[in-house]
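Colleague: Structure incoming, see below.
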Amino acid sequence: MKHIKIKKYITTVVASAFLVSCTNVLEENPRAIFTPDYFSTQEGVMGGITSMYGHLRYMYGNGYFLNTGQIATDESTWGQNSDGNVKNLDFSGVGTINPDTSNTGIVWNNTFPNINTASGVIENATKIGTISTGLIAEARFFRAFDYFLLVQTFGGVPLDLGAGELKFNSSTVRTSVRNTVPEVYSKAIFPDLIQAVNDLPVAGRVTGGVTKTVARLYLAKAYLTFGWWLENPNSIPTYPASSRTDLDGHNAAWYFQQAYDIAAAAIDDPGSFGLVPSFYDVSVATKDRNKEMLLYADHTQSSAIYNGGDLSYSGGGFSTDYFAGWFEQFNYTGVRSSTSSSEWKSVSSVQREAEQHLGRPWTMLAPPIEVFKNTFADKVNDSRYDGTFTTVYRGNWAKAGIAQSVLYNANYLPVANGEAILTFLDDDTAGIDYSNSAFNSSIGAGVLPGRADYVVEPSVFSRICYPGVWKLGPYRTDNGTGLGSPNGSSTRPFPVAKFSELYFIAAEAAVKGAMVQGGKSARDLINVIRARAGKWTFNNNGNVVKVQDNSAAMMAATPAVITIDYILAERSREYFGEGYRWYDLARTQKWIQYANSFTIAGATNPNDWKDHTVKTFTRTITTANYLRPIPVSQLNALEMSAEEKAVYQNPGY
């Protein structure tokens, strides 16, 4: 399978766009560069604000950015076709984390230009005098958003980009000094988010625009994360070195209480946001941009320029392409059926299609077996397994122009278009024949007597063959009766923040000791999420309407005492595969505990479909790895001695 190196075409500042005031959606017009003179105009300020939404696409939806939040966690390891960029972050003996090639530069290289743009907007908008406080608050939100992402990833980072702390820099500066973690929070993140909460509207200025609710979510999450940092229960080192004290004199308990109170306030005063009726409704593409989506990196299928990524086929994998869904999809195109009922005459029965269950398969990330046996143990009451994975791959050969109305599959039984060709079973099942002595599944799947579909049980899910992540799959309205453009960038919005996370933030703060409000204990909050997970509106993999309410059973199964471990398990069920996991485990300092070992099949020969050997793998993760390496490209651009660069870099790299 062809893999394309990620490419970036970006100047020292983010490409700009401007807002047309007579519409309620963002209109983007490419501009080569922002200049100080341009920023001093109302058009320039508006263009700078619009570009901040565009900069999300360089990270969210980018498969390599997704990798940094997934790989080396209990949710993901490397897949059959992983390249060094992916493997180097797995810590499982197949590569070494490298400041040159380990994807962490995606965060550094895309946040600082936007931070500088935000500072330019804030300074110039104030001078112009006709720019509303709400518009300035959007810039404050994004500056805080980027600094929060940076401080979680790298530790302390520079607040001065060359013109003073949090000042717009228009000169070429080749020196840099890193601030400490408390300085980044107290000087940048908290003040900007507090102001954003005060000044942002309840309803977005434009479709997908930031609001008071999303600012509250990030302020609550920043308070929660800094509370953990102050407490430091597992003695994780920080860098640059600093004491675990708050510049404003508060302790960890104060921050946990603030996180709880702000999240609870957002739940009580949601504006137009809230939970959608079922977990399926959160992610099904036909209901994208729903009221649960607080922030997303948007795309469109109407124009490659405005989409920010390829619409048809150019190899893909470029900076703003939405290709994250390719990373967690196995190569289902290897599935074969027969045109004959008596001898094997191979034909491709599951074709590559621009459809949410399918899409382009890169097989870069694979879930360990524990995901299916432990994380998603309840597949009956809880709808989140069915609403997360593709477990049934159905025939679609007619869309590829193959004339036969019927093909022959397992046991030489007939299958029609739309019927199951391959099924990943919910549980291990006795009697599966994986020998394929009479039939040829071509992907190492097995057969059960009387079943026309090939089957694979959880105990042999491998780096090659596993349920793909349905949530991030593509969707197009221009496929017609064919397969569409499955090799093109996805045109769906990529979710960045969801209303549901407010419940998790408040619950986590409550577990950490925050005083709770009536009806909002940690268990109450988690049970809101679990009750929704028990409400089925559609059987995704059965492809049939299913109206069933298992919420009572889900809530009854919730333990009386909620722990951080239970919240992390629930977060994995809710946000599996979306890039949350590494940040969740790093915040709670559970990464080494959760990710140090896992099991997966196909271990002895990753190119052998029939290899069902299950092996336990271990990872060597140190406490220094809780901070990612600063990219070498940044260090090489600095006018510093080798010794100074070594001090600038995070320890261990």
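The values are calculated or read from the model by the stated rules, or taken from the named source; none is laboratory data. As the structure is a computational prediction, the values presented were derived from the model and not from experiment. Counting neighbours? That spans all protein chains shown, and the Cβs are built from the backbone with ideal geometry, glycine included.
Colleague: Which of the numbered conditions does residue 320 fail, given that it passes all the others? Conditions: (1) buried (at least 24 other Cβ atoms within 10 Å of the Cβ); (2) over 30 Å from residue 50 (Cα atoms).
Modeller: The number of the failed condition is (2).
Colleague: Check the stretch 542-557 and report whether any residue there is within 23 Å of residue 498 (Cβ to Cβ) and in contact with a Pro (Cβ under 9 Å, 6 or more places away or on another chain).
Modeller: No, the stretch 542-557 contains no residue that is within 23 Å of residue 498 (Cβ to Cβ) and in contact with a Pro (Cβ under 9 Å, 6 or more places away or on another chain).
Colleague: Separate question: Name the single residue that is modelled with the highest pLDDT among those in the stretch 285-340 being acidic (Asp, Glu) and within 12 Å of residue 490 (Cα to Cα).
Modeller: Filtering the stretch 285-340 down to residues acidic (Asp, Glu) leaves 288, 292, 298, 310, 321, 328.
Within this subset, residues satisfying the condition of being within 12 Å of residue 490 (Cα to Cα) are 298, 310, 321.
On the way: 298: 95, 310: 83, 321: 90.
If we take residues in the stretch 285-340 being acidic (Asp, Glu) and within 12 Å of residue 490 (Cα to Cα), then 298 is modelled with the highest pLDDT.
Colleague: Also, I was wondering about something else. Any residue at all in the stretch 535-553 that's closer than 21 Å to residue 291 by Cβ, of a type outside the set (Gly, Ala, Ser), modelled with pLDDT of 95 or more and not in a strand (DSSP E or B)?
Modeller: Within the stretch 535-553 (the criterion being closer than 21 Å to residue 291 by Cβ, of a type outside the set (Gly, Ala, Ser), modelled with pLDDT of 95 or more and not in a strand (DSSP E or B)), the answer is yes, since at least one residue qualifies.
Colleague: I've got another one for you. So, residue 265, is that one modelled with pLDDT of 95 or more, over 21 Å from residue 580 (Cα atoms), in a helix (DSSP H, G or I) and more than 26 Å from the chain's Cα centre (by Cα) or not?
Modeller: On the way: modelled with pLDDT of 95 or more: yes; over 21 Å from residue 580 (Cα atoms): yes; in a helix (DSSP H, G or I): yes; more than 26 Å from the chain's Cα centre (by Cα): no.
Judged against the criteria, residue 265 is not a match.
Colleague: Do you know which residues across the stretch 612-653 are under 17 Å from residue 102 (Cα atoms), free of Cβ contacts under 8 Å to residues at least 40 places away in the same chain and not in a loop (DSSP other than H, G, I, E, B)? Talk me through it step by step, then tell me what you get.
Modeller: First pass over the stretch 612-653, keeping only residues under 17 Å from residue 102 (Cα atoms): 619-622, 624-636, 649-653.
Imposing the further condition that a residue be free of Cβ contacts under 8 Å to residues at least 40 places away in the same chain reduces the set to 622, 636, 652.
Matches in the stretch 612-653: 636 only.
Colleague: For a quick check of your reading: which helices (runs of 4 or more DSSP H) sit entirely within the stretch 41-122 and have at least 3 residues that are closer than 26 Å to residue 332 by Cα? Step through it out loud before you land on a result.
Modeller: Working: elements: 42-55, 63-70, 84-87.
Of the helices (runs of 4 or more DSSP H) lying wholly inside the stretch 41-122, those with at least 3 residues that are closer than 26 Å to residue 332 by Cα span 63-70, 84-87.
Colleague: Of the numbered conditions (1) at pLDDT 95 or above; (2) over 23 Å from residue 469 (Cα atoms), residue 439 fails exactly one; give the number of that condition.
Modeller: The number of the failed condition is (1).
Colleague: A further question follows. Working only within the stretch 227-249, note down all residues that are among the polar types (S, T, N, Q) and within 15 Å of residue 152 (Cα to Cα). Steps first, please.
Modeller: Residues of the stretch 227-249 among the polar types (S, T, N, Q): 232, 234-235, 238, 242-243, 245.
Answer for the stretch 227-249, where residues must be among the polar types (S, T, N, Q) and within 15 Å of residue 152 (Cα to Cα): 232, 238.
Colleague: Within the stretch 473-524, work out how many residues are farther than 30 Å from residue 306 by Cα and charged (D, E, K, R). If you could, list the steps in order and put the result at the bottom.
Modeller: Looking only at the stretch 473-524, we keep the residues that are farther than 30 Å from residue 306 by Cα, and these are 502-524.
From what's left, charged (D, E, K, R): 508, 512, 520, 523-524.
Total meeting the criteria: 5.
Colleague: Would you say residue 162 is at pLDDT below 95, touching a helix residue (DSSP H, G or I) at 6+ places or on another chain (Cβ under 8 Å) and not aliphatic (A, V, I, L, M)? Steps first, please.
Modeller: Working: at pLDDT below 95: yes; touching a helix residue (DSSP H, G or I) at 6+ places or on another chain (Cβ under 8 Å): no; not aliphatic (A, V, I, L, M): yes.
For residue 162, the condition - at pLDDT below 95, touching a helix residue (DSSP H, G or I) at 6+ places or on another chain (Cβ under 8 Å) and not aliphatic (A, V, I, L, M) - is not met.
Colleague: Looking at the stretch 164-196, which of the residues that are part of a helix (DSSP H, G or I) and hydroxyl-bearing (Ser, Thr, Tyr) is farthest from the chain's Cα centre (by Cα)? If you could, list the steps in order and put the result at the bottom.
Modeller: Going through the stretch 164-196, the residues part of a helix (DSSP H, G or I) turn out to be 181-196.
In the following step, the residues that additionally are hydroxyl-bearing (Ser, Thr, Tyr) were identified as 185-186.
Working: 185: 23, 186: 27 Å.
Here the residue is 186.
Colleague: I've got another one for you. Being of a type outside the set (S, T, N, Q), under 25 Å from residue 291 (Cβ atoms), without any contact (Cβ under 8 Å) to a residue 40 or more places away in the chain and buried (at least 17 other Cβ atoms within 10 Å of the Cβ) is the requirement here; does residue 208 meet it? Explain how you work it out, then say what you get.
Modeller: On the way: of a type outside the set (S, T, N, Q): yes; under 25 Å from residue 291 (Cβ atoms): yes; without any contact (Cβ under 8 Å) to a residue 40 or more places away in the chain: no; buried (at least 17 other Cβ atoms within 10 Å of the Cβ): yes.
So residue 208 does not fit the description; no.
Colleague: Then there is this: Let me confirm something: among 254, 229, which residue is surrounded by fewer than 19 Cβ atoms within 10 Å (Cβ to Cβ) and under 22 Å from residue 503 (Cα atoms)?
Modeller: Sole residue among the options that is surrounded by fewer than 19 Cβ atoms within 10 Å (Cβ to Cβ) and under 22 Å from residue 503 (Cα atoms): 254.
Colleague: Among the residues of the stretch 466-496, count how many are closer than 23 Å to residue 370 by Cα, in a loop (DSSP other than H, G, I, E, B) and either modelled with pLDDT under 95 or within 17 Å of the chain's Cα centre (by Cα) (or both). If you could, list the steps in order and put the result at the bottom.
Modeller: Of all residues in the stretch 466-496, those closer than 23 Å to residue 370 by Cα come to 466-473.
The next check asks that each one be in a loop (DSSP other than H, G, I, E, B); those that pass are 466-467, 470-473.
Restricting the remaining residues to those that are either modelled with pLDDT under 95 or within 17 Å of the chain's Cα centre (by Cα) (or both) gives 470-473.
Total satisfying the criteria: 4.
Colleague: Only one of (1) among the hydroxyl-bearing types (Ser, Thr, Tyr); (2) in contact with a helix residue (DSSP H, G or I) (Cβ under 6 Å, 6 or more places away or on another chain); (3) at pLDDT 50 or above; (4) within 24 Å of residue 307 (Cβ to Cβ) is not met by residue 16, so which one is it?
Modeller: Exception for residue 16: condition (3).
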